Amino acid sequence: MRLYSYWRSSAAYRVRIALNLKGLDYEIVPVSLAPGESEHRKAAYRAINPQMLVPFLEDDDIAIGQSMAILEYLEETYTENPLLPAATGARARIRSFCNSICCDIHPLNNLRVMKYLKSELEVSDDDYLDWYAHWINEGFESAEAFVSYGKGRYAYGEKPTLADAFLVPQVYNARRFKVPLDDFPNLVRIVDACNELPVFQRAAPESQPDCNA
């Protein structure tokens, strides 16, 4: 199993977390998204993934892009250490939480959007940070409400689920861009609990082979 990944990609980060939580062996294949390198746009990677994005998973003859599709494939194929509960309603709630991050927050704040805002629309660094913080706050308000319904150590109970795999990278990015998180104590508490676990530590950006922090 190979995971094409970039150390700072939050979408790749969430897949690394899930692979670790499920106890699966995989090889990291670094694909640099860094300006000046842009390996994801070169012919070699385009031949692997025409979308030119990370993450991208190869598992024998299966090849999948898009983190949500990858995670659902892993959940359906490798049934040990499930990251979704058995109850249909609970599964749907966790999927809803995950989609609130990967559809409503992350796309507005990812690298492609940042480049376009700065290069094409000439948005200043300060205005970009305001943009970033706005969408973090907009999304985290509902996420905070969702996780406050439960009393578990993690987002949805006493063991990590896919919800935690999505939440941890998004909070990592918020901290990276110095977005205040005082209004989201439950999210912070949950992420700090997750980051005490070795499986989350191994998935962290600073633990990746291509980290150049």
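The values are calculated or read from the model by the stated rules, or taken from the named source; none is laboratory data. Since the structure is predicted, the reported quantities are computational estimates derived from the model, not experimental observations. Neighbour counts run over all protein chains shown; Cβ positions are idealised from the backbone, glycine included.
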Going by what's in this entry, would R93 be described as among the basic types (K, R) and either outside the structural domain of Y154 (by TED's automatic domain parsing) or free of Cβ contacts under 8 Å to residues at least 40 places away in the same chain (or both)? no
Can you pull out the helices (runs of 4 or more DSSP H) entirely within region 99-213 that have at least 3 residues that are small (G, A, S) and touching a helix residue (DSSP H, G or I) at 6+ places or on another chain (Cβ under 7 Å)? 125-148, 162-176
Of the numbered conditions (1) surrounded by 12 or more Cβ atoms within 10 Å (Cβ to Cβ); (2) at positive phi; (3) not assigned by TED's automatic domain parsing to the domain that holds P35, E122 satisfies every one except a single condition; which is it? (1)
